[in-house]
Structures are given as C-alpha cells and as structure tokens.
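Each remark here refers to the structure printed beneath this line.
The values are calculated or read from the model by the stated rules, or taken from the named source; none is laboratory data. Source: prediction; values computed, not measured. With ideal geometry, Cβ positions are generated from the backbone for all residues, glycine too; neighbour counts draw on all protein chains shown.
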Amino acid sequence: MTSPAPKPRRDFTYIKPMGKRLSEYEAVTCYAQPDPSAFDKEGWFLRTSEGRVAWEQSSTALKHPHWFDFRDPARHWQRTYVRMQAEQERSIERACEDAARSGAFKDIDPVWLQKILGVHYRVWSYFEYAVFRAFAPAQREALSDTLGNVLCFEAFDRMRHAQAIVIYLMDLEDNIEGFHDGGSKEVWLKDPVYQPLRELAEKLMLETPDWAEVGVVTNLIIDPIVSALGLSQLVRRFAPFHGDTVTPFIIGTVERDRERNRAWADSFVGLVTGPDVPEAEANLIVIQGWIDKWTPLALEAADALAPIFEEAPLNVVTFEQARNETLEAHVAHMERLALKSAVGVAT
Amino acid sequence: MRSLVEAHDRIKDFEWEPSYATKQDRYPTKYKIPSKTKDPFRHLVRDYVSMEQEKDDRQYGAMEDALARSGAPAKAEGRWMEIMKAALPILSFGEYAAMKSCGQLIETVENAELRQGYMAQMLDEVRHTNQELYLNRYFAKHAEDPEGFAQGLQAKGTNIFNRAGRAALEGFFVGDPIEGALNLQVVAETAYTNPIFVAMTEVAATNGDQATPSVFLSIQSDEARHMANGYSTLAAVVSEPENLEHLQKDFDRAFWRQHAFIDPFLGVVYDYFQKERSSSYKEKWDEWIAEDWIGSYIGKLEPFGLKVPRWYEDAKERMTWIGHSAALLAFSAWPLQFWRFDPLTDKDFEWFESKYPGWYDQFGFFWEGYRELTDPGMGASTLSLFESMPPLCRVCHMPTIFPRIDTNTARVQMHEGRKLPFCSEACQFIFNEDPQRYLAYKTWYELYDGYGLDQFIVENGLLRADGKTLIAQPHLEMNDRMWTIDDIKALDYEIKDPMKGDLYKDWIEEPVDASPSAATVSP
C-alpha cells in the first residue's frame, strides 16, 4: 500500500498573524525570543550569580498574559528599518550638500547660528544620547521579540539624532567662516535653563529599570511635551525666519521617528489595557502613575526653556503660545488613549 | 570635508558625570573598565545604515530574484538541506541572545567608544536574526521538503540538541556582562564564526545550496566589527591588573561552554550532512580554532597575562571523536528530531576512514546496522539498539557519551539529594563553581519521562500535514517507506529517565573541588 503523499506546509504555522496573512515582518521577528508559555516549556537554562534568569516578568510593573501578541504598527524588521534610516540620512546629507553649494548656509542669521544652533540645538544631542542609553537596556529586558525590536530601533533612532546634530554643526563649520562648535557641554552641565532637562534625562537613563515605563513615558510624555516644545516649536518652527532652511529638514526626520515611536507606544497601551487582558485595570493604574510622575518633570524641563525663545532674534511665536499648542495636542492625544493627562494637575 | 576622526572625537564626548540620578547596578560585574580605550571601529550611524542597506539589497535581491526563479533551493542536495532545518533555529537564537548581550554591555561598560561599537553590533544582531529566519522561511517556501523548516522555532524548545544550543547561547547574556562578552565576542564570534559562516558556506555551495552562502557571507561581513568589539573589550579589561584573576576563570568557562555544544554539533553538520564531500570538520577546526584563534589571537594576549583556556587541550583531544558520537545519538534518536537523516553510503565510509583513521572500527558497526533499520517494515528502530538513552549533562545538556561511548568521561554527582550527570570533568567543575546557575530548568527527561515515543511526537507537533507521517525520517525517500505514527506506536518505545534506577550508579563520585559550595555535596 502506498502512503498518501501529504501536501507539505510551506510557511510558519506557529505564528498568529495580525492581518489575514503572515507578514514578512512577523515571519522574521516572532518567537526569536523563546516563549516558555508556548514552546519552551523547560524554562530558562542559566542563572546569573545573583540568581536571575534570562527574562523575568518582574522587569515591568505591567502584566500581560502573552507579550508576544504585540505588533509594531510600522511592521519594521531590520531591513525596512535600516532602509528607512538610510534614506533619511541620505536626504539630510543631500540637503546639506545643496545648501553648501548654493551658499544658503550663509543666509543664516548670525545670532541664530551662535545661540540657537551652536548652543541650544547642540545641547539637545546630550539629551538624545541619554535617551539612547535608556532604550538599550530596555530592549534587553523586554518580554517579547516584537517589543525588544521596537525598543532597539528607538535606541538607534536616538543615537542617529544625537550624531546628526554633531555632523550638521561640522558642516556649518566648513561653510560659515568663524563658526566653531565648542560642544556646549558646560551649558548642558551648568546652565540653569537646561538643568531640569538634564535631570529628566538622567532619571530616565539611570533610574528607570522598567522597560515599559521607558517606552511609554518617552513617547507619550517626554517627546510630546519636551521635544515638541524645545525642538519642534522652537528650532524647527523658528528656523526659516532666520534664514535657516536645513535644520527644519533634519528635525523633520526626527519628527518622523517620533511619530513612528508614538504609534507603537499607543499600540502598546492598547495592548495592556485591552478588554481581554485580566490585569487591564491594574495596568491602567500603573500607566497613570507613570504619567503623574513624569508629567511634572517634563513640564519643568520644558518651562525652563522659556528664556531661549527670547534669545531668537525673531520671536515667531511666544513661549506661551508654543506651550499652549504643544500641551493642547498632548492632552488631546492622552484623551484618545483614554488616559488622564497630568498637565492640568501639574500647572 | 568632514573629518571622521574629528566627528568621532565629538561623538565620544556625549558622556558626562551625572548629578541628578544615581546609576543602578542592573548587571553586576566583577570587572573594572577604564573609561578610555582604543576605538573598536569608526562608523557613524549615517555610514553604517548606508553600508548595511547596500549589503541587504545585494543579499535579499539575489534571493528574491535569480535564486528563487531558478528554483535553486529545490535543486540542492537533500542531505545537506535537512541539517539546515536543525541549524537555523538555534543559530537565530544565538543572534538574538547577542543583541541582548549588547544591550547590557551598553548599560554596564562606562566607556563611550565601546558603547558606540556595541550599539552598531546590537542592530547587526537584529539583522542576523532576521536574515536567518528569512532564510528558514525561504527554504520552507522553496525546498523540496519544507516540513521541518516551517516548524523549526516551534520544535526547537523540545529538541535535545536545540536545547543544548540554547543553554550555551544563554551564556551571551545571562551572567556578568563581561563574561557574556567573552562568550559572545571573544569565543563564539572570534573563534567560531569562521567555521560557521565561512567554512560552512563552502560545504553549502558544494552541495548546491546557493542561498545559505549568500546569507552567511553577508552576516560574516559584520563579524569583523564584532571581533574588534571583543578585542577592544578584552584590551580594556586586561589593562586593569586586578581584573586578571576573574578574567581567566570566566574565559576558561566561556571557551568550554561554547565548545561543548558548538563542536559536536558542527561536527555532525559538516561531516554527516555533506553529500558532495570536501574537508572534514576536524580539518576546519585545526585551521580556524587551533592555528588561527589559539595560535595567533590568544597568543597575542598572552603578554597581558591571559592564558590559553584551561580545558583547551581536553577539547582538542576530544575533537577526533565527539562529532561522530553526537551523530550516532542524533541518527539513532531520529524520531525525536524534526529533520530527515540520510544513511551513509560505502563512499561516505571511505571518506570517514580517510579523514578520521580508525573510524570504521569504532563506528562502522552502527552505520551498517542503521542502514538495515530505516524501513518501517522491519518493525524495529535504531533507538531499540541501546539499553537506555544517555543521561544529558547538567551543564552543557549534551549526551554524556564523549569522546566516545566506550571511552566516555561521564560522571554523576549527588547534589541536594539529586543525582546529577555531567559529560566531563570540565562541566562538573563549572557546575561546582556556582551550582545554582545550572539548576533553574526542567531537564528533558523530567519533562518526558514515561512518555510513549508516539505521544512525544504527537504532542510536540512533529507530524506532517497529513497528521500521520513523521517530519523526521531515517532516510530521504519520499515514498511508502516513510514512517508514520502507527509505525512508531508499534515500536512500543517509552522514554525513560536514565537517572532513575541504578543504571548509572557506578558513575557517582565526589564533586571536583571548585568552590566552597561544593563541600555541601555528599555522595
């Protein structure tokens, strides 16, 4: 008797796709991290000398029955991510080349150049670096591959932002006589205007071991308040009025990353507070606790930047106007997520 | 023109002394790392993404286009393709573990230059994980027999060899972060990526598999940077004299832990799954590990006080036979796996005898017998040739049959009332250095003791789409000689924990003296 020829399976059958069909993103991402609740029943093989195992549920205060259900809304895997960032970096490089060739850099207002780009924008690279530092161990601890990857990509984003500032100022040095980037580190370390921002950065980098907290507060509180005000409202919005056409372009790529990261954080909040999650209510309380803890720090960091708005030769918008717009957008975003903004409480 | 050196100097200056928050000791380390070292390499994010995109386009482009359209994977040697089913799931975990290792190195190592290097490696490791899973899926789509590729990540958790692999690779990030870097960058990447990604590529290409070389060589092009990370980390560590005493111990352990899995596993991959034959794994090992890594790389570090790893000579001596012993177990336990096994031919026998003189005397009887038992009609399986399945080592998880079953160095030690088997003096020593590190998990036998073989197969999804035929087969024929679950039921084979009962009572011995905690163990 001949055995029936079985029709073989030609795709990964163990992944539950987010859409109708298994995406390339899911195929190359899902279950790269072993899942003891699914196929890896033996648990973890090794402990550290201190007794911890590879991944621990206690790495976040949030609870979820299956972290592997998370999906990045941007569906990035390394190839698409690197391609996207290579395109962004190439576009920055070209914009700088074009500005150098056309002499556009020479149109930049000298006060804007010295005070805002040379100091304020340069100081921002330290802040981005701190966020990079916070996300690197967060990706290490995340409780699934899909979460580890978005955190890893965001770590890389932040180093990209920090480096882009330094390289851009080097381009300006090459093209504008008399301009020198001294690093502005003393300003970052000592100027009272930046101390609340540095405090925020150091707390995130050194005292926030909860990987979910790092992702949620950076993308839902710190960026929408501090980066939106200090980078988007001030630098990006003011720049064209000071003859500066390239900086807004660079910040445009940063804002693109910010949107992408906000989207995954939104999706993450949805995941842990979803109707099927038994701990949804407790998770909501935890997240609300993070919001209440980080919003005052973010507001303090943002408010301390008010004097910089005065330093720009042309006051495109007042600090108050910019602040109101930023916070309105933030509060509306929190409402869309069914979260309570702590902005009103703090001010 | 932008000066790369100047750009790097400014980027290294991102670090500052924090004053508003205190760093927590998230990944405790015994090591002191100086804050200034040599740059591991110079790449800005901008150059890095552009370079990696180009490499990705070349590799994925080739796979999506010419290779897929020409049906190349389906034309590769069946014997070779089968072992890729086993290799890719475990290899991809190694990459993923490496990504985690980089995350904790960035957190721990207070050195701006090294942090930049670790960051690029962190993203490289996502790249490699994705590439290998992409290749796995590519084979599922295009290989002649996709069953096994499609289930690899699901099946790996319960597979005895994949478990051993995961246990070794967890060493990349479960422990002191510097110990992790030694396991990952100094041993696995510097010593073993050449035999994995370069030499294996030759075997693949010789056997008609063009997709694997395309992926592996692209991966290997990142490894030089990782080796540089390892070298810079090591150089930073040895520059502090007080690090040396920890370093040698961690290095000794790292080498043995990686060797104990990688060498027997690669030995099987190379020597038993080549159809068109070229070099042996032993030859590759002598070239890449003995001459290149020990002779040249480690030699260069000796002036700094780092010595050849403690069990290197033991490992070298084992190399003649461990691959063959592992193959014997893998083939005889074929129903537990998720890939197929091509019996050796007379031509293979000749090759083995020429590469490993004395092979036939030691192993010929098994391979002659194996050929006789591949037909389900015989009503017997190779598993029934043995009195019991071998104990699995508590530390490395490999069977305790090395270097050969008849000359094995296995031993059993009592620990807190349990009989724990070890494959070697080295694994037992490593256990006694810190026993709690190796007691977190359930052994394979604890999970499956008392299971019927058929029950194990059904429960772990090791059946093909018809729900009857096994994914694993002891031959490559796609015909009525394929084994079904009914054939397995007829064997009436039960999985038994060999440590239950008295079978291995003669092996029990005193613990080797590794640390004070060993003194608590009584025979």
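Which of the helices (runs of 4 or more DSSP H) contained wholly in the stretch A:228-331 include at least 2 residues that are surrounded by fewer than 20 Cβ atoms within 10 Å (Cβ to Cβ) and in contact with an Asp or Glu (Cβ under 6 Å, 6 or more places away or on another chain)?
Numbers: elements: A:246-272, A:280-303, A:306-311.
So the answer is none; nothing clears 2.
Just checking, does the stretch B:98-106 include any residue being closer than 30 Å to B:ASP209 by Cα, at pLDDT 95 or above and crowded, with 18+ Cβ neighbours inside 10 Å? Spell out the reasoning first.
So in the stretch B:98-106, the residues closer than 30 Å to B:ASP209 by Cα come out as B:98-99.
When the remaining residues are screened for being at pLDDT 95 or above, the result is B:98-99.
Of the ones still in play, those that are also crowded, with 18+ Cβ neighbours inside 10 Å are B:98-99.
So far as the stretch B:98-106 goes, yes, one or more of its residues are closer than 30 Å to B:ASP209 by Cα, at pLDDT 95 or above and crowded, with 18+ Cβ neighbours inside 10 Å.
Which ones in the stretch B:464-487 are more than 10 Å from chain A (Cβ to nearest Cβ), over 21 Å from B:LEU344 (Cα atoms) and out of contact with any Asp or Glu (no Cβ under 8 Å at 6 or more places or on another chain)? Before you say what the answer is, go through the steps one by one.
Residues of the stretch B:464-487 more than 10 Å from chain A (Cβ to nearest Cβ): B:470, B:472-477, B:485-487.
From the residues that got through so far, the ones that are over 21 Å from B:LEU344 (Cα atoms) too are B:485-487.
Within the stretch B:464-487, B:ASP486, B:ASP487 meet the criteria.
Restricting attention to the stretch B:1-25, and to residues there that are free of Cβ contacts under 8 Å to residues at least 12 places away in the same chain and within 37 Å of the chain's Cα centre (by Cα), which single residue is surrounded by the fewest Cβ atoms within 10 Å (Cβ to Cβ)? Talk me through it step by step, then tell me what you get.
So the first thing to find is which residues in the stretch B:1-25 are free of Cβ contacts under 8 Å to residues at least 12 places away in the same chain, and the list is B:1-3, B:6, B:9-10, B:16-25.
When the remaining residues are screened for being within 37 Å of the chain's Cα centre (by Cα), the result is B:23-25.
Details: B:LYS23: 13, B:GLN24: 11, B:ASP25: 9.
Here the answer is B:ASP25.
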Query - Candidate set from the stretch A:180-219 (those that are over 22 Å from B:GLN24 (Cβ atoms) and charged (D, E, K, R)); member that is surrounded by the fewest Cβ atoms within 10 Å (Cβ to Cβ) - result: A:GLU186
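Any idea how many residues of the stretch B:1-37 are outside any loop (DSSP other than H, G, I, E, B), of a type in the set (Val, Ile, Thr) and facing chain A (nearest Cβ under 10 Å)? Outline the logic, then answer.
So in the stretch B:1-37, the residues outside any loop (DSSP other than H, G, I, E, B) come out as B:4-12.
Applying the additional criterion that residues be of a type in the set (Val, Ile, Thr) yields B:5, B:11.
Remaining after also requiring facing chain A (nearest Cβ under 10 Å): B:11.
Total meeting the criteria: 1.
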Query raised in the report: If you take the residues of the stretch B:333-377 that are modelled with pLDDT under 95 and of a type in the set (Gly, Ala, Ser), which of them is farthest from B:LEU470 (Cα to Cα)?
Result: B:GLY369
Report task. Working carefully through the options A:ILE116, A:ILE108, A:ILE15, find the one that is more than 8 Å from chain B (Cβ to nearest Cβ) and surrounded by fewer than 18 Cβ atoms within 10 Å (Cβ to Cβ). Result -> A:ILE15
Requested in this report: Please name all residue pairs, on different chains or six or more residues apart, with Cβ atoms under 8 Å, provided the first residue is in the stretch B:437-461 and is more than 8 Å from chain A (Cβ to nearest Cβ) and closer than 21 Å to B:SER384 by Cα and the second residue is surrounded by fewer than 16 Cβ atoms within 10 Å (Cβ to Cβ) and not basic (Lys, Arg).
Outcome: B:GLY450/B:GLU494; B:TYR451/B:GLU459; B:TYR451/B:GLU494; B:GLY452/B:ASP492; B:GLY452/B:GLU494; B:LEU453/B:GLU494
Query raised in the report: Among (1) facing chain B (nearest Cβ under 10 Å); (2) assigned to a helix (DSSP H, G or I), which single condition is A:VAL193 missing?
Result: (1)
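Is there a residue in the stretch A:35-55 that is more than 7 Å from every other protein chain (Cβ to nearest Cβ) and part of a helix (DSSP H, G or I)? Before the answer, list the steps.
To start, the set of residues in the stretch A:35-55 that are more than 7 Å from every other protein chain (Cβ to nearest Cβ) comprises A:35-38, A:52, A:55.
Remaining after also requiring part of a helix (DSSP H, G or I): none.
Among the residues of the stretch A:35-55, not one is more than 7 Å from every other protein chain (Cβ to nearest Cβ) and part of a helix (DSSP H, G or I), which makes the answer no.
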Report summary line: Screening B:ASP47, B:ASP65, B:ASP57 for residues that are surrounded by fewer than 23 Cβ atoms within 10 Å (Cβ to Cβ), away from every other protein chain (no Cβ under 12 Å) and assigned to a helix (DSSP H, G or I) leaves only B:ASP65
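Find the helices (runs of 4 or more DSSP H) located wholly in the stretch B:432-502 whose residues include 1 or more that are farther than 29 Å from A:PHE45 by Cα and basic (Lys, Arg), and list them.
Working: elements: B:444-448, B:453-459, B:485-491.
Per the criteria, B:485-491.
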Query raised in the report: Is it true that some residue in the stretch B:391-410 is more than 11 Å from chain A (Cβ to nearest Cβ), assigned to a strand (DSSP E or B) and not polar (S, T, N, Q)?
Result: yes
